[in-house]
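Heads up: the structure comes next, in structure tokens.
What follows draws every value from the coordinates through simple rules; no lab data is involved. The structure displayed is predicted, hence computed values, not measured ones. We place every Cβ from the backbone using ideal geometry, glycine too, and count neighbours over all the protein chains shown.
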């Protein structure tokens, strides 16, 4: 009679949703790393027992942590972004890294368009105007039409294409900048980022985080966007030089910004909180019940696929 396979042990880096954690714990032994007081000591004593890391795009997995787990086989992540995971370190050791792409494309695109419309039509600003009782004393200033404007998408991947489809329905013209021209879209391609920004009324950032895009948008790029241009960021906070953005907003270098992501979340630069030409949301790009359930399902499919069939469904 064969012995049952040992239960795989997971190191969970930060708290995932309670329902997802409960689901994982039905099959695997989970160690909650964020609850451990002496993490270095725990790793020395128990690091060799860990088979996989369970994490998210927020919590990631640093190179030092990966190196402290000699028998690590997989890093299973909740979220599409993996810039917080030391993927190169993992791959050098043959460790599988997964994420949850595609299932969140539509909801993130919805969020991008929602905050773009909010910014252009001054919806949040108008809401504050009414709540403050100012309507009794004055008329709210006019906004600008969305139809007829140019939406420049920086990063024409799945989410970028979903955004393009939506803004076209509002009568916007779509242009894009990518690492390379795409053969499967008919939108006008700009080889340079600055060229796209100069042509766009709204610039929507949909690029991944990481060193290649760190502070991709700085003072020079904001000047290219210009005093009638708006910046929309649903990518990563690291993609924008926040101090340069604050200066540009305060000086009128650009007209406004809608931001769902920030460099040091959940910290938001205090100066942004005082500006009426800014829409701020707390990283809610994929924040719907339906999308989070789909992400949880794919997370578990990757986890179970790796340990039961030896193959994850969406490896990075």
Original post:
What would the Debye formula give as log10 I(q)/I(0) at q = 0.13, 0.15 Å⁻¹ for the alpha-carbon point model of segment 12-96, no solvent?
Top reply: -0.38, -0.51
Original post:
Which residue, 270, 138, 19, has the most motion in a Gaussian network model of the chain that connects Cα atoms within less than 10 Å?
Top reply: 138
Original post:
When N is the residue count of the chain, what does its C-alpha Rg come to as a fraction of 2.2 N^0.38 Å?
Top reply: 1.13
Original post:
Fully extended, how many nm does the chain gain between residue 275 and residue 184 (0.36 nm per residue separation, minus their Cα-Cα distance)?
Top reply: 28.8 nm
Original post:
Okay, which of segment 72-92 sit inside 17 Å, backbone N to the point 7 Å along the Cα-Cβ direction of residue 301?
Top reply: 76-81
Original post:
When the C-alpha atoms of segment 105-280 are aligned to their principal axes, what extent does each axis show, in angstrom, from largest down?
Top reply: 54, 33, 28
Original post:
Which ordering of 13, 36, 75, 95 is given by a fewest-first count of other beta-carbon atoms within 10 Å?
Top reply: 36, 95, 13, 75
**OP:** Mind jotting down the distance between the C-alpha centroids of segment 210-288 and segment 156-199, whole Å?
**Re:** 19 Å
Original post:
Which three lengths, in whole Å and largest first, does segment 53-175 cover when its Cα atoms are put on their principal axes?
Top reply: 67, 34, 19
Subject >> Taking 215, 149 and counting other C-beta atoms within 10 Å, the order from fewest to most >> reply: 215, 149
